[in-house]
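Here's the structure we're looking at; comments come further down.
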Amino acid sequence: MTRYKVAVCTLGCKVNFYESEIMIGLLRKNNFEICNTNDACDAYIVNSCSVTSDTDRKVFKLIRRLHRTNPCAVICVTGCMAQLRPDDIAEMFDDAHLIIYGNENKIDIVYTYSIIRNKNLTNTKFVVSLYSKNK
C-alpha cells in the first residue's frame, strides 16, 4: 500500500508547535509519511495563528502557495485562525480540497485523513468546517 504523504506547517506559539508534534506522532503511528512542505504531498496541515493581521496574511499566503503547488492535495487549516475566521478561509479557497478545524478538534485531523486515505477520497471536492464558536 502506498503511504499517504502529509506535511505539517506550523505558525504561531509554542502550543501550536507542541500540538503539531503530537499530530506528527499520530500520523506516523497511522502509517502516514511525513514530508516537507516543499514536497508534493497528498495533504497539508496548516496549524495557524491569528495574533496579528501580519500572521493572518502569512497563513493565507501559505495556503495559497500549497494549493498552487499541488491543487489536488487536501489542505487542513486548524488553530486560532481556523477558529476565528473559518468563513474567510472557506471563501478565499472555495476551489480547494479544504478542511477547517477549530482548536477543540485539532487532533481529530489524523482520523479524518485516515478516512480520506482508506476510502480513496483524495480526488473528491469537499469543504468541511468543524469548529466551535467562542462562548
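Every number in this text was worked out from the coordinates using simple rules, so none of it is lab data. Just so it is clear, the model here is predicted, and its values are computed rather than measured. Every residue, glycine as well, gets a Cβ built from its backbone with ideal geometry; the counts of neighbours run over all protein chains shown.
By the count of other C-beta atoms within 10 Å, a proxy for reagent exposure, Met92, Met23, Met81 are ordered fewest to most as Met92, Met23, Met81. Among Ser114, Ser20, the ranking by other beta carbons within 10 Å of each residue's beta carbon, starting with the fewest, stands as Ser114, Ser20. The residues neighbouring Thr37, those whose beta-carbon lies less than 12 Å from its own, together hold a net charge of +1 under the Lys/Arg +1, Asp/Glu -1 convention.
Projected onto planes of every orientation and averaged, the convex hull of the alpha-carbon atoms in the range 5-130 covers 6.6 nm². How many nm separate the modelled label positions at Tyr111 and Asp54, each set 7 Å beyond the Cα in the direction of the Cβ? Distance between the two pseudo-spin positions: 3.8 nm. In terms of surrounding Cβ atoms within a 10 Å radius of their Cβ, Ser53, Ser48 rank from fewest to most as Ser53, Ser48.
Label-to-label distance for Lys14 and Met92 is 2.8 nm, based on points extended 7 Å past Cα in the beta-carbon direction. If you take all other residues with their beta carbon under 13 Å from the beta carbon of Val15, and give Lys and Arg +1 and Asp and Glu -1, the sum is 0. Using just the C-alpha positions of the range 1-66 as equal point scatterers, what log10 of I(q)/I(0) does the Debye formula give at each q in 0.21, 0.29 1/Å? At q = 0.21, 0.29 Å⁻¹ the computed log10 ratios are -0.86, -1.25.
From the square roots a ≥ b ≥ c of the eigenvalues of the alpha-carbon gyration tensor of the range 72-112, which class results: rounded (a/c under 1.5), prolate (a/b over b/c), or oblate? It comes out oblate by the Cα gyration axes.
Which net charge results for the neighbourhood of Asp56, defined as the other residues with beta-carbon distances under 13 angstrom from its beta-carbon, given Lys and Arg at +1 and Asp and Glu at -1?
+3
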